[in-house]
Number of protein chains: 4
Amino acid sequence: MTVKVGLIGAGRMGGALAYHLAFSVETAVFTAIADPNIEAAQSLAKKCGVTDTYSDYHEMLTRDDLDAVVIVTPTNTHVELIKAAAAAGKHIFTEKPLALTLAACDEAITAVETAGVKMMVGFMRHFDPAYRAAKQKIDAGAIGNPVMFKSIGRDPWRTSLEYAKRENSGGLIADMAAHDFDLARWLMGSEVERVHSEGGCLVFPELGDVGDIDNAVVNLKFANGAVGNVDVSRNAIYGYDIRTEVIGSEGSLMIGTLQQTSTLLLTRNQVCHDTIPGFMARFAGAYAAEIRDFVQAIEDNRETAVTGQDARAATAIGIAATRSLDEARPVLLSEIE
Amino acid sequence: MTVKVGLIGAGRMGGALAYHLAFSVETAVFTAIADPNIEAAQSLAKKCGVTDTYSDYHEMLTRDDLDAVVIVTPTNTHVELIKAAAAAGKHIFTEKPLALTLAACDEAITAVETAGVKMMVGFMRHFDPAYRAAKQKIDAGAIGNPVMFKSIGRDPWRTSLEYAKRENSGGLIADMAAHDFDLARWLMGSEVERVHSEGGCLVFPELGDVGDIDNAVVNLKFANGAVGNVDVSRNAIYGYDIRTEVIGSEGSLMIGTLQQTSTLLLTRNQVCHDTIPGFMARFAGAYAAEIRDFVQAIEDNRETAVTGQDARAATAIGIAATRSLDEARPVLLSEIE
Amino acid sequence: MTVKVGLIGAGRMGGALAYHLAFSVETAVFTAIADPNIEAAQSLAKKCGVTDTYSDYHEMLTRDDLDAVVIVTPTNTHVELIKAAAAAGKHIFTEKPLALTLAACDEAITAVETAGVKMMVGFMRHFDPAYRAAKQKIDAGAIGNPVMFKSIGRDPWRTSLEYAKRENSGGLIADMAAHDFDLARWLMGSEVERVHSEGGCLVFPELGDVGDIDNAVVNLKFANGAVGNVDVSRNAIYGYDIRTEVIGSEGSLMIGTLQQTSTLLLTRNQVCHDTIPGFMARFAGAYAAEIRDFVQAIEDNRETAVTGQDARAATAIGIAATRSLDEARPVLLSEIE
Amino acid sequence: MTVKVGLIGAGRMGGALAYHLAFSVETAVFTAIADPNIEAAQSLAKKCGVTDTYSDYHEMLTRDDLDAVVIVTPTNTHVELIKAAAAAGKHIFTEKPLALTLAACDEAITAVETAGVKMMVGFMRHFDPAYRAAKQKIDAGAIGNPVMFKSIGRDPWRTSLEYAKRENSGGLIADMAAHDFDLARWLMGSEVERVHSEGGCLVFPELGDVGDIDNAVVNLKFANGAVGNVDVSRNAIYGYDIRTEVIGSEGSLMIGTLQQTSTLLLTRNQVCHDTIPGFMARFAGAYAAEIRDFVQAIEDNRETAVTGQDARAATAIGIAATRSLDEARPVLLSEIE
């Protein structure tokens, strides 16, 4: 059996996923690409051996032979696209975040449930070999009970000012810590119950001008009593720094590295190595594997690895952590609706 | 010139400092040891080539030829000893923490100021080569403005239940994060203004029985806007884990290692190394260097590297962070008196 | 312009290169596969979207529309295949080693030169990001003059006894150190002039029964006076261990890592990580990049990155090093014909 | 019981050992120092609390109360001093190398045996925690049978031209690889049977002017069939680089590190750390421990950890490896007399 897949969104990230869809997923047939920018759609289609392109995704969704869609568009379009795809009976892969509000998440989840299609959200770290190895060890009991979660998500550059606006990105914490909040639930096996954030605009004053910050720390309290902290930064000029620790009662895990290439340059009294330039260098394999797993979930008719509910939960933590920053107090997840 | 030094407290930690005093500080003349347990004092004196021992420290303090004392006794005796030593005109080195309450800290500081003697508090990490190198690089501008402080202090074992009681140790956060709070002020060059803690008794229920916890995370907000987080744990069974990161606007620093011995054992499909067993293995050199610097400060008639005010400030953060845990809210340092 | 490529050899390694040819080289059109095992050819063709398969490679070579062939067959067939492909006017990529004797190398090189086609030999480390970074730094003068070359090539398993026979693999040194001998010339910028080997059958006595050894060290003396050493082993049970050092007059380089996944497991008093399981895990990206570069060289009508002469030189070092082992004396490269 | 020890040689290295003797060995009574430069002897005596100094070591040796001497003088004086000390009935610790010729080694060994005193030679790596841990793991069978020995000994600077002369240092290989040759025997548990060296004067032409080289590689063949290689260099400008690998049938060991301080500086796209500046920084603890063990061996009336025969064997390998370089051929240890 093969799964016919259409892509909505031929931008940079869409191109990356398209590449994996075309070349890494044997059972997928990459069939169509939709983008209002039809030249972008056509150019990408040519590279990937895809024959059909659409400027209007609605038209693509009318095809009966299409089994699934991959949505890689700005966050504020996700819900509308998901509703349309679900109504057309297509299985859905959407890039994270699902949406910036819980109401929007719920709208998408309801549409998917009503239509009886599958939806997977692109928290690709579940498919990164390092994180996957950690999850397997935790599940195998290698560290006993996880009791503390520490995670770092730092970018080596400032985001665009337009994107930084809270209506577009959700703000620094929601935007950058989304993966960490997702990892927190996944690796700790418990829901986050309360959060407390501190943050500031410390390096890029222009981010403050549009209402954002550039560094933050977020304390986590889990439902099972475990504790945690996530830090995010826009000024890790040394490189893309993604690391996680899980401290357990019988052992611990550390995931992540600063080094990209295994080459050391040794000069007078020092040793230097390079760093990881960005998320595509770090997680290219994970993007390929998640798309493969999405197609496999359709073939196997099983639940996807990261569901709409998972995405909603990560979004809720992001909203709570941002409210904590705004209101300078701990915020319970139960407050977020 | 030489400095004649007496030691008060011949226990395990006193023995360690005594050793450095005897053998690593050329300009110190290690002259006397006082301990109610006179056998302990005599035994240590013999090892260190010290001739005079006292069961009552008051008697030792009456000696005119003694320039300074090193106090290595339980925390709740510090203030009384400091007051007596100051009144006798002796310079004072005291192990950390100075005291568990600000009132007690102030009593000690006042006594020292009134007597016009010097006091240094044993935050030995200032003298560790790794932390010292970090401080020098920060001061040299190597990382621009420090904007985030992350620090880890994890023990591989549970403390004694007696010590765990809040009246003895101050509780997990005050006890274990004291060094991190001190580092926060020292490396960031700014006071801590607000803290928020989450913690729990997750691994050792017997600690909960005596009112303590075993894991905690503490968010920090600095007066200059910078942010930070400290985590502490009693169940780092893998080893003594002391690491700090300072993220700056133009670079960052990471301090600390998990590895004690540079020997790797490579067996089927894996590579393993040992870890640092405890604080004496990690900071032996720093203990030697701090005692040396204390004696040098007396000789040079200059301010000590870590003053009573520094110790008071670290204590205040510990009290605030513990109150935050108790009251489940951020606590301003200005609330602590 | 596109380059139409046919593959000869649909075995395990052929499958790996086929995959890269199909999915990683945009300008290549992967057109045909030849293998006496026609089922293997057909199965691979299906996976790669290739339409034409042949049980006899001669038939494939008669196609006028084919620009190039990729040869991934047992070493002892290389020369015959290269001669046939060259005679048919096809550009040639062949897996290493080119051949086990200099006479065979010369036969292949002459055929290629006579036909005026390009030939590239699969020393893929030239395309590994870590080795490439090292080469670039050397060329940029970052380490001054390279004066010592150290390289390690260790497998975590015993090869098959059939393959171990000298007529098939060339013996341990020629087989396993071929890449290192190639790197030696490439990174040091000088020819190897003299070699001396020590080796033994120390772990797998069955290798001795078929005339092979399992561990060896090879001293190198370069024409420019530089020195070096290569070690090879079949019993690196901890993992696939590929590392190289280049010591220069003004700095040095270290290339290689033992760690595959950036996950550490911390248990009682120790920290462990995994290792690299084998050459496909370590060099997958390099295989993709070398095939891409081969196609690009055809398009650009330029010299390939690793020529027949390069392969001949590496083979000569392997022969000399093996003779040194047999005769327990240093062997000059000038002795090898 | 205590052991009264006198030091012969108050130079830089003598000062280092004196310090450990004075402050790290509880059961030793550091009694006297002899040096023709009496000011040096007196200055060192003052620092170490030693009362008696001598410009003529013969005079010191006449003291009946002296149990042992520590000899830290130029290599060419060792034999004469050892003979005098042995004749006076003193136990002897001598810095390595024992002597540069086997005849001289034998003269010393015979004198010691005749006098019935103990002699230990300062191969301090036996007392380094990393090497000691490796030895213990090998003895415990953690790596099965050791089959390959790889060792690196690189200095970050050129030695003095006077010292470089072969009559003073034995030449690069004998001088720098002495520790590695000693480790080879100790860790592999087998004698070296044959060596082959390549070397050159590649960075410091002035070394060539006095007959020395600056880089070399030495192949080793052990009596039990195992193989090995040692490289030495004077131009490891990045730092003092001491590393050893032992590859076994069931596992392997790697000993050594490039990093001195656990501080990383992360700047734009790179991570850097410092390196180990020299042998005193790397092996300070080992020097202390070896002197302690020498005194303990006297107290326990047991064999010293590194005997005259061990030193003779290491010297023989150095002579053979140097002859191999001179004669461009493998040299059997049995050739060396």
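A short reminder: the numbers here are calculations on the coordinates, not readings from a lab. None of the values given here were measured: they were computed from a predicted structure. Here Cβ is always computed from backbone atoms with ideal geometry, including for glycine, and neighbour counts include all displayed protein chains.
Quick notes on this structure:
- Nearest-0.05 FRET efficiency for C:Y163 and C:T110, computed from C-beta distance (R0 30 Å): 0.60
- The value obtained for chain A, namely the Cα convex hull volume divided by the number of residues, is 154 Å³ per residue.
- Label-point gap, in nm, between B:E206 and D:E335 - each point 7 angstrom along Cα→Cβ: 6.8 nm
- Region A:137-205: chymotrypsin sites (Phe, Trp or Tyr not before Pro) in DSSP coil with no more than 15 other Cβ atoms inside 10 Å: A:W157
- Annotation note: GluC sites (Glu not before Pro) in region A:18-101 located in DSSP loop regions with a Cβ neighbour count of at most 14 within 10 Å are A:E26.
- Prolate/oblate/rounded call for region C:1-77, Cα gyration tensor, a/c under 1.5 rounded: rounded
- Fraction of alpha-carbon pairs over 50 Å apart in the protein assembly as shown - percent: 40 percent
- Remark: label point of B:N224 defined 7 Å out from Cα along the Cα-Cβ vector; separations to the same position in other copies 4.1, 4.8, 5.9 nm, ascending.
- Across the alpha-carbon atoms of region D:38-116, the computed radius of gyration and Dmax are 13.2, 38 angstrom.
- Rounded to the nearest whole Hz, the Karplus-based 3J(HN,Hα) values (6.51 cos²θ - 1.76 cosθ + 1.60, θ = phi - 60°) of region B:116-126 follow the sequence x, 9, 8, 9, 10, 10, x, 7, 6, 5, 4, with x at glycine and proline.
- Mean separation of Cα contacts under 8 Å, 6 or more apart, over the residue count of region D:1-81: relative contact order %: 39 percent
- Residue of chain B nearest the B-to-D rotation axis [by Cβ], rounded angstrom distance: B:F23, 2
- Bridging of D:K137 to lysines at a Cα separation below 21 Å is possible for D:K150, once same-chain residues fewer than 8 apart are set aside.
- Between region D:280-315 and region C:33-96, the C-alpha centres lie 65 angstrom from each other.
- Euclidean distance between Cα centres, region A:148-182 to region B:8-26, Å: 50 Å
- Using a Förster distance of 30 Å, the FRET efficiency for B:A328-A:R243 (Cβ separation, nearest 0.05): 0.60
- Paramagnetic reach from C:A87 in region C:16-39 [backbone N under 19 Å; point 7 Å along Cα→Cβ]: C:34-36
- By the Cβ rule of 4.7 Å, chain C holds the following cysteines without a possible disulfide partner: C:C48, C:C105, C:C201.
- Less than 5 angstrom separates the built amide H of A:C201 from those of A:D214, all sequence-distant by 5 or more or on a different chain.
- Cα shape, region A:253-337, gyration tensor, a/c 1.5 rule: oblate
- In a DSSP loop and with at most 13 other Cβ atoms within 10 Å, the trypsin sites (Lys or Arg not before Pro) in region B:235-330 are B:R268, B:R302.
- Within chain B, helix-based [θ] at 222 nm, where runs of 4 or more DSSP H residues each add -39,500 (n - 2.57), nearest 500: -12000 deg cm²/dmol
- Dipole magnitude (debye, nearest 20) for the protein assembly as shown, charges at Cβ of Lys, Arg, Asp, Glu: 0 debye
- Cβ charges +1 (Lys, Arg) and -1 (Asp, Glu), total dipole of region B:3-124, debye: 320 debye
- Along the axis of the charge dipole computed for chain C (Cβ charges of +1 for Lys and Arg, -1 for Asp and Glu, origin at the Cα centre), the listed residues C:T275, C:P97, C:N145 are led at the positive end by C:T275.
- A simple spin-label model places pseudo-atoms 7 Å from Cα toward Cβ; at C:A281 and A:T77 they are separated by 4.1 nm.
- Residue separation of C:S55 and C:E39 scaled by 0.36 nm, minus their Cα-Cα distance, works out to 4.9 nm of gained length.
- Between this copy and the others, label points of A:D300 are 4.4, 5.9, 6.6 nm apart in ascending order, each placed 7 angstrom from Cα in the Cβ direction.
- Put simply, the amide H of D:D52, placed in the peptide plane, has neighbours under 5 Å in D:I33, leaving out anything fewer than 5 places away on its chain.
- Spin-label pair B:T62-A:D300: with each label point 7 Å from Cα along the Cα-Cβ axis, the two points sit 8.4 nm from one another.
- Long-range HN-HN contacts of A:V69 with modeled amide H, under 5 Å: A:G6, A:H91, A:I92, A:F93
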